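Data first, discussion second: the structure below is written as structure tokens.
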Amino acid sequence: MLRNLIRLHGRTCCAVLERWSGVCQGGQARLPTLLENVKAYSTATSERKKFYQDVSISQGEDGMFEINLDRRKLKTPGGKIFTVPNEALAIAVATEWDSQKDTLKFYTMHLTTLCNTALDNPTHRDKDQMITAALKYLETDTICYRVEEPPGLVELQKNEWDPVLHWIEKRYNVVIGSSDSIMGPQIPEETKDTFRQHLGSYNFWALTGLEYVINQLKSVVLSFGLIDRHLTVEQAVLLSRLEEEYQIQRWGNVEWAHDYDMYELRARTAAGTLFVHLCSESSTVKRKLLQD
């Protein structure tokens, strides 16, 4: 799974961005706006001429890992020394910087952006605020809102979304449900409390990544399925775009725009998922990922 996440975040995204570099600014504008911290850094400077040759990592006296560009320490937009909690994440971030060519395309460096967000935390949010923001998506979760027509889409949503919904209800012993009402389903407080407790088990860094994934997919259900390895990135992204894909199959689409949107969403979702796992406090999870 770790290799797949890196492949989706890195090679696939870079290939598409190279092909469609002329529309990258348009792609950036489509990024969600809820995560103000992430948006502030991912849109601040979109491109810059490359100013270094070598990328390396080192470990400081406090045990944190640093990124070095030609032996100069990388800093965050807020002026802090760029440090990450473990070597695996440091290698992943260093790979982002090392893979850049003549021009630095910051909008492709999702792991770096997430690290900057966790380090600077420019809107000064704490864990409770982050959890509250993430849980708001449960009330408007993508797979909980169903259509009444056309029959083909109704059937497609039932066949594709219901199994995931049943899985998460059984996995966490909760009730969620779905509705074709504009008000959506009524989520029991017990369900919210269960998910709040689960989200609280993540450290600040991992929670930053998980909230990012939830924001990309517009779904707590799909995000939990992805993080718990019940779904792949490709499956989660496709399920999050089910209605759009149905309409495209029916009416057609602008091919390059559809491909760009799909690959960009996959890259961001893969990066967020990888970030969550690499920031997990559980060394068992990291070992399992590396073995896979």
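The values are calculated or read from the model by the stated rules, or taken from the named source; none is laboratory data. All values reported here derive from a predicted model rather than from experimental measurement. We place every Cβ from the backbone using ideal geometry, glycine too, and count neighbours over all the protein chains shown. Surface areas here come from the heavy atoms of the whole protein model, side chains and all, with no ligands, DNA or RNA. Shrake-Rupley method; radii C 1.70, N 1.55, O 1.52, S 1.80 Å.
So here's what we get for this one:
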quantity: Gained length - residue 140 relative to residue 229, 0.36 nm times residue gap less alpha-carbon distance; calculated: 29.8 nm
quantity: Mean-position separation - Cα centroids, the stretch 154-228 and the stretch 60-86, in angstrom; calculated: 35
quantity: Within the accessible area of the stretch 85-147 (1.4 Å probe), percent carbon and sulfur; calculated: 52
quantity: Largest-first principal axis extents, alpha carbons of the stretch 96-168, Å; calculated: 50, 36, 21
quantity: Summed residue charge, Cβ within 9 Å of residue 180's Cβ, Lys/Arg positive, Asp/Glu negative; calculated: 0
quantity: Accessible-area composition of the stretch 158-262, carbon plus sulfur, in percent [1.4 Å probe]; calculated: 50
quantity: When each of 80/105; 50/80; 105/136; 101/218 is checked by Cα-Cα distance, pairs over 23 Å; calculated: 105/136; 101/218
quantity: Computed FRET value (nearest 0.05) for residue 129 with residue 183, which takes r as the C-beta separation and R₀ as 35 Å; calculated: 0.85
quantity: Calculated FRET efficiency for the pair residue 203/residue 46, C-beta based, R₀ 45 Å, to 0.05; calculated: 0.90
